[in-house]
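Peer 1: First the structure, then my questions, so here it is.
Every number here is computed from the coordinates shown, using simple stated rules; none is lab data. Source: prediction; values computed, not measured. No Cβ is skipped: glycine too gets one built from the backbone with ideal geometry, and neighbour counts run over all protein chains shown.
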Amino acid sequence: FNGRRWCHLISDTSVKELIDFADRNEIQRRAFQGDHYDIPEEFRERLIADGAVEVESREIARRLRAAGLRLSAEERRAFRRQRSSNVLGSGIASRDRRAK
């Protein structure tokens, strides 16, 4: 995206651990992709300092599968559809509240 380099942030324990870690490090929820976060490279060192462990890219999917956390292609599509409808719904709800 726009010449930036990206990293993936995962948990091989639970989605809750992943979300809690991301929240603690002020990672925006919109970066959540269902089984990982897309993280700009400039966050990398800070996340490692807070306990993230750097692994090879092929290791990411292996760890997610081993933990039962890897989304299938269909689950990933469903997650994206749901997130898109939530974003659209949120925008409409926000406009409706302002109109009152």
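Peer 1: Take Val53 and Ala73, extend 7 Å from each Cα along the Cα→Cβ direction, and tell me the distance between the two endpoints in nm.
Peer 2: 3.1
Peer 1: Which value, in debye to the nearest 20, describes the size of the charge dipole of the chain about its Cα centre when Lys and Arg Cβ atoms bear +1, Asp and Glu Cβ atoms bear -1, and nothing else is charged?
Peer 2: Using only the charged Cβ atoms, the result is roughly 720 debye.
Peer 1: Can you compute the FRET efficiency between Arg65 and Asn86 using 1/(1 + (r/R0)^6), with r the Cβ-Cβ distance and R0 = 25 Å? Round to the nearest 0.05.
Peer 2: On the way: r = 27 Å, r/R0 = 1.07.
According to the calculation, E is roughly 0.40.
Peer 1: Quick one, what does Rg over Rh come out to for the stretch 1-69 if you take C-alpha atoms and the Kirkwood Rh?
Peer 2: Rounded to two decimals, Rg/Rh equals 0.93.
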